[in-house]
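Enquirer: One structure follows; several queries about it will come next.
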Amino acid sequence: MDLHTLTLTALQARLRSGDCSAVDALEALEQRIAHVDPKVGGYLSRNFQTARAEAERADVSLPLGGIPIAIKDVINVQGEPCTAASKILSNYTAPYNATVINKLRAAGAIPFGRLNLDEFAMGSSTENSAIQRTANPWDLTRIPGGSSGGSAAVVAADEAFASLGSDTGGSIRQPASLCGCVGMKPTYGRVSRFGLIAFASSLDQIGPFTKTVEDSARMLSVLAGRDPQDSTSLELPAEDFTRLVGRDIKGLKIGMPKEYFIEGIDPQVDAAVRAAVRQYESLGAEIVEVSLPHTEYAVAVYYIIATAEASANLARYDGVRYGRRAEEVRNLQDLYIRSRSEGFGEEVKRRIILGTYVLSSGYYDAYYLRAQKVRTLIRQDFSRAFEKVDALICPTSPETAFKIGDRSDDPMKMYLADIFTIATNLAGIPGLSLPCGFAQVDGRPLPIGVQLLGKPLEEANLFQIAHAYEQSTPWHKARPTL
Ligand code: GLN
């Protein structure tokens, strides 16, 4: 059997039984990547030399012992480049490890490769990468979603057993949905962001991409935890997030937010998600209609808050301490202007300008302050819904993967790709996307994802609910032909 096709859990069992070694697993990936990544374009770089040395001395008794993990290129790994897929960071080498990297290493995992994304995680298609295009493994003429497009594509294409991504408004769940894998955004504060290149600090979370729900729970068990270096990380005891996996879900209440089942959704997506709802019913869950009345404002609120925070976070790339410096400048102002103009791509500039505008005096009250108030209303919508139900179910994305180049000149259309994922970040709750079927488009199957949203800190319940569905359906076993 080809080792690269294994799930993380299956690989772990083999490593522990001595059926294969960590070096075998790494070599299998190396070959798979050499074979398919020229087509997929998920990896920006790989470091097999260091990884091999780590694999040779792997302790497979550790929670992720000997398992290679690929990393979105916004998470610092000491001694490696971390570009955020931006020209402005083209000469940057990470001087330290992100906390999640230290945690992966302590658990025996081997972080070995860097994954493509939309520049600074701004986008929904990975087309905003200043470095390369990434293709959807199910149809190479289509986008993998974004911003963690590389993270989703390599897991779906069996070029990684698991990967890390970040999710500010959907960047884990949406690409997972479009590529047909499992993507999980934990509760805000669950996972330390120390060493993650910041986009919008009140929204960003790191989370895993995996082939199955159980793998996702295993990954989160390693990643979660208080970190004194991230003041927003929560002081909570360590948890085994797999502890409810396998329990039946009879009697659980799952809410269908009526604002998420609207006109304009691709009919094949709508049908697949409704079929998933019926499957939950047949598994014994009770389906309840709920309302999240402020949903319609989520995209507008997000593009005020996220851009405001981005404009502040990206101020540091001025060519002095951070960021590539423009050459032969006339004076300090010229240095700032030229370094930033040359270093940032179009979408990043658009966000900085929007964010600066909504924070400027005279507009602050009308936009930023008002957006914060509506954010509170969106949060309250969820609290109210969760008084009645254990979890919510809805589409992850209103459509399947679109063609590369189809939306690049229409930012508004691109922003609407995250219509179902954004409110989760505004509310800080956990969300997970898992495969729920395929659409037939131009005679080819394209993955569809269903999204489950949970109460704050109830990731374990979310994994339980997701796992029950996954195990009763065939979707997670499907693989693209490459
Ligand atoms: N697509 C959204 C945006 O462009 C979300 C990105 C993300 O979650 N990082 O802002």
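Enquirer: From the list Gly123, Gly195, Gly145, Gly170, which residue is at positive phi and more than 12 Å from the ligand (Cβ to nearest atom)?
Expert: After applying the criteria, what remains is Gly195.
Enquirer: What is the one condition in (1) among the hydrophobic types (A, V, I, L, M, F, W, C); (2) modelled with pLDDT under 95; (3) within 16 Å of Asp390 (Cα to Cα) that Leu482 does not satisfy?
Expert: So the condition that Leu482 fails would be (3).
Enquirer: Determine whether Gly355 is within 24 Å of Ala272 (Cα to Cα), touching a Ser or Thr at 6+ places or on another chain (Cβ under 6 Å), surrounded by 16 or more Cβ atoms within 10 Å (Cβ to Cβ) and at pLDDT 95 or above. Please lay out each step first, then the result.
Expert: On the way: within 24 Å of Ala272 (Cα to Cα): no; touching a Ser or Thr at 6+ places or on another chain (Cβ under 6 Å): yes; surrounded by 16 or more Cβ atoms within 10 Å (Cβ to Cβ): yes; at pLDDT 95 or above: yes.
It is false that Gly355 is within 24 Å of Ala272 (Cα to Cα), touching a Ser or Thr at 6+ places or on another chain (Cβ under 6 Å), surrounded by 16 or more Cβ atoms within 10 Å (Cβ to Cβ) and at pLDDT 95 or above.
Enquirer: Still on this structure, I have one more. Could you tell me which of the residues Leu178, Leu117 is surrounded by 24 or more Cβ atoms within 10 Å (Cβ to Cβ), in contact with a Gly (Cβ under 7 Å, 6 or more places away or on another chain) and under 16 Å from Cys82 (Cα atoms)? If you could, list the steps in order and put the result at the bottom.
Expert: Working: Leu178 fails: under 16 Å from Cys82 (Cα atoms).
Selected residue: Leu117, the only one of Leu178, Leu117 that is surrounded by 24 or more Cβ atoms within 10 Å (Cβ to Cβ), in contact with a Gly (Cβ under 7 Å, 6 or more places away or on another chain) and under 16 Å from Cys82 (Cα atoms).
Enquirer: Then there is this: Here are some conditions: (1) out of contact with any Asp or Glu (no Cβ under 7 Å at 6 or more places or on another chain); (2) buried (at least 21 other Cβ atoms within 10 Å of the Cβ). Arg46 meets all but one. Which one does it not meet?
Expert: (2)
Enquirer: Could you check Asn461 against (1) in contact with a strand residue (DSSP E or B) (Cβ under 7 Å, 6 or more places away or on another chain); (2) closer than 20 Å to Gly170 by Cα and say which number it fails?
Expert: For Asn461, the failing item is (2).
Enquirer: Out of all the residues in the range 70-102, which are closer than 16 Å to Ala51 by Cα and charged (D, E, K, R)?
Expert: Once the filter is applied, which keeps residues that are closer than 16 Å to Ala51 by Cα and charged (D, E, K, R), the range 70-102 yields only Glu80.
Enquirer: Go through the range 1-27 and give me each residue that's assigned to a helix (DSSP H, G or I) and touching an Asp or Glu at 6+ places or on another chain (Cβ under 7 Å). Reasoning before the result, please.
Expert: If we filter the range 1-27 for residues that are assigned to a helix (DSSP H, G or I), which is where we start, we get 3-5, 8-17, 22-27.
Passing the criteria: Leu3, His4, Thr5, Leu8, Thr9, Val23.
Enquirer: Can I ask one more? Of the conditions (1) more than 16 Å from the ligand (Cβ to nearest atom); (2) surrounded by fewer than 17 Cβ atoms within 10 Å (Cβ to Cβ); (3) of a type outside the set (Gly, Ala, Ser); (4) in contact (Cβ under 8 Å) with a residue 12 or more places away in the chain, Glu327 clears all except one; give me its number.
Expert: Among (1) more than 16 Å from the ligand (Cβ to nearest atom); (2) surrounded by fewer than 17 Cβ atoms within 10 Å (Cβ to Cβ); (3) of a type outside the set (Gly, Ala, Ser); (4) in contact (Cβ under 8 Å) with a residue 12 or more places away in the chain, Glu327 violates only (4).
Enquirer: Something else: Where residues in the range 257-286 are of a type in the set (A, V, I, L, M) and outside any helix (DSSP H, G or I), which of them is modelled with the lowest pLDDT?
Expert: Here is the first cut: in the range 257-286, the ones of a type in the set (A, V, I, L, M) are 262, 265, 269, 271-273, 275-277, 283, 285.
If we keep only those that are outside any helix (DSSP H, G or I) as well, we get 262, 265, 283, 285.
Numbers: Ile262: 88, Ile265: 93, Leu283: 98, Ala285: 98.
Here the residue is Ile262.
Enquirer: Can you tell which of Glu239, Glu289 is surrounded by fewer than 18 Cβ atoms within 10 Å (Cβ to Cβ), part of a loop (DSSP other than H, G, I, E, B) and in contact with a strand residue (DSSP E or B) (Cβ under 7 Å, 6 or more places away or on another chain)?
Expert: Numbers: Glu289 fails: part of a loop (DSSP other than H, G, I, E, B).
Criteria check complete, one pass: Glu239.
Enquirer: When you scan the range 330-438 for helices (runs of 4 or more DSSP H) that lie fully inside it, which ones turn up with 3 or more residues that are not aliphatic (A, V, I, L, M)? Explain how you work it out, then say what you get.
Expert: Values: elements: 332-343, 346-359, 370-388, 411-415, 422-427.
Hits in the range 330-438: 332-343, 346-359, 370-388, 411-415.
Enquirer: Let me ask you something else. Looking at (1) within 11 Å of the ligand (Cβ to nearest atom); (2) more than 24 Å from Asn461 (Cβ to Cβ), find the lone condition where Ala106 falls short.
Expert: So the condition that Ala106 fails would be (1).
Residue by residue, here is whether (1) in a helix (DSSP H, G or I); (2) at pLDDT 95 or above; (3) not polar (S, T, N, Q) holds:
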| residue | (1), (2), (3) |
| --- | --- |
| Ala70 | no, yes, yes |
| Ala85 | no, yes, yes |
| Asn97 | no, yes, no |
| Asn102 | yes, yes, no |
| Phe112 | no, yes, yes |
| Phe120 | yes, yes, yes |
| Glu127 | no, yes, yes |
| Ala130 | no, yes, yes |
| Arg133 | no, yes, yes |
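Enquirer: Please work out which one of (1) surrounded by 16 or more Cβ atoms within 10 Å (Cβ to Cβ); (2) out of contact with any Leu (no Cβ under 8 Å at 6 or more places or on another chain); (3) in contact (Cβ under 8 Å) with a residue 24 or more places away in the chain is the condition Arg350 fails and give its number.
Expert: The one condition Arg350 does not meet is (1).
The values are calculated or read from the model by the stated rules, or taken from the named source; none is laboratory data. No experiment lies behind these values; they were computed from the predicted model shown. A quick note on method: Cβ atoms are made from the backbone with ideal geometry, for glycine too, and the neighbour counts reach across all protein chains shown.
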